[in-house]
Amino acid sequence: MHEEPDRSAEDEEPEQRTDEEPEQRTDEEPEQRTDDQPDERTDEQPPRPTEDDSLLQELVAYLRENRTELREEWARRISEAELLGVMSDEEIFSEATEVYDNYVDALETGSIENLQTYARELSERIIPRGVETHEVLGIVLLLRDVLARSLFAKYEGDLELLNRILDSYEPAANRIAVTVGVSFVEERERVINEQQEAMRELSTPVLQLRDRLLILPIIGVLDSARARQLTEQLLGAIRDNRATVVVIDITGVATIDRTVANHLVQTVEASRLMGARTILTGLSSEIAQTLVDLDVDLGMMETVGDLQGGIEEAERLAGYRNADASDSDGTVAT
């Protein structure tokens, strides 16, 4: 009789422990998750390779394994297309090797910085030799074609795998082609701008023939920007040399438009306001006819047929030739 209550008490104790144990675990588990979870996530941060990454790595391994054969084929295609004609076969093969290796590295890493640097250096070497933009774009597209044909040949038995590899390859290849093309164009524009600036400085020199007598020979295209620069240089030289006579020779100018013609008239007027008379020489028949057709006001311009005659007239106006000497030379005094 007394044992049954004791046993029921013993039966209740496990039930109480059973009720308490889940509550203790419930209280402890959130604390453990809160403390431990960030560390577990941090340890699991490195991304798992995707299928595209795996396919690109397989492609890169294939391109490295067949490097010699593929770059030789590429160099042969460049010669057949008559690209980079200013370079020897040895130079083409050397550059093709460098481009190929940088190309494969860019595919592997996804970074184009090294390729950009090499493309700029390549551009610096070949632009002064006369290589054109279409040639650079052509050789990059040829490499893309050579590699694509090689992939077709390798995976022709598994079209599904071939399509997946091409899906991974083509975006990267297009990005590389654009990178090389843009780098070349940017370098070419920089070189052209530097050359144009140098040409502008060299093609509009104001020369002093004698004391207070200047000559400005103009060669090449005379556009509005250059005409403004010409005026600035000339007026500065008139001021610095206290010139009284200026000869502007345009023998080397093929054509001019209304804007430039009017600018020449303004230059002559500005020179007059600074105390210098201006003589324009070397007008071709085409420019003379253009000036007439454009109805340009030539009243302020004094013209002489050629440079020699212009210099003689300038010397007379500056007092270096007397009137009798000028008449005997056949120059009409004014």
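Out of segment 62-85, which residues are charged (D, E, K, R), in a helix (DSSP H, G or I) and free of Cβ contacts under 8 Å to residues at least 24 places away in the same chain? Selection gives 65, 69, 72, 76, 80. Looking at the structure I just gave you, is residue 250 over 34 Å from the mean Cα position of the chain (by Cα) and outside any loop (DSSP other than H, G, I, E, B)? No, not satisfied.
Matching residues to (1) exposed (fewer than 14 other Cβ atoms within 10 Å of the Cβ); (2) modelled with pLDDT under 90; (3) not hydroxyl-bearing (Ser, Thr, Tyr):
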| site | (1), (2), (3) |
| --- | --- |
| 250 | no, yes, yes |
| 265 | no, yes, yes |
| 273 | yes, no, yes |
| 331 | no, yes, no |
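The condition of being among the hydrophobic types (A, V, I, L, M, F, W, C) and more than 24 Å from residue 316 (Cα to Cα) holds for only one of 253, 268, that being 253. Does residue 241 satisfy the criteria of being modelled with pLDDT of 90 or more and among the polar types (S, T, N, Q)? So residue 241 passes the test. Restricted to segment 147-197, and to residues there that are of a type in the set (Asp, Glu) and assigned to a helix (DSSP H, G or I), the residue that is surrounded by the fewest Cβ atoms within 10 Å (Cβ to Cβ) is 160. Among residues of segment 168-185 that are closer than 14 Å to residue 109 by Cα, those with a Cβ under 6 angstrom from a residue that is among the charged types (D, E, K, R), sequence gap 6+ or separate chain, pair up as 168/52; 173/144.
Collect the residues in segment 98-127 that are within 22 Å of the chain's Cα centre (by Cα), open to solvent by less than 70 Å² (accessible area, probe 1.4 Å) and more than 14 Å from residue 63 (Cβ to Cβ), keeping them in residue-number order.
As a first pass, look at segment 98-127 and keep what is within 22 Å of the chain's Cα centre (by Cα): 98-100, 102-103, 106, 111-127.
Those left that are additionally open to solvent by less than 70 Å² (accessible area, probe 1.4 Å): 99-100, 102-103, 106, 111-112, 115-119, 122-123, 126-127.
Passing the criteria: 111, 112, 115, 116, 117, 118, 119, 122, 123, 126, 127.
The values are calculated or read from the model by the stated rules, or taken from the named source; none is laboratory data. All figures in this text were calculated on a predicted structure; none of them were measured in a lab. Note that we place each Cβ from the backbone using ideal geometry, even for glycine, and neighbour counts take in every protein chain shown. SASA here: full protein model, heavy atoms, side chains in, ligands and nucleic acids out. Shrake-Rupley method; radii C 1.70, N 1.55, O 1.52, S 1.80 Å.
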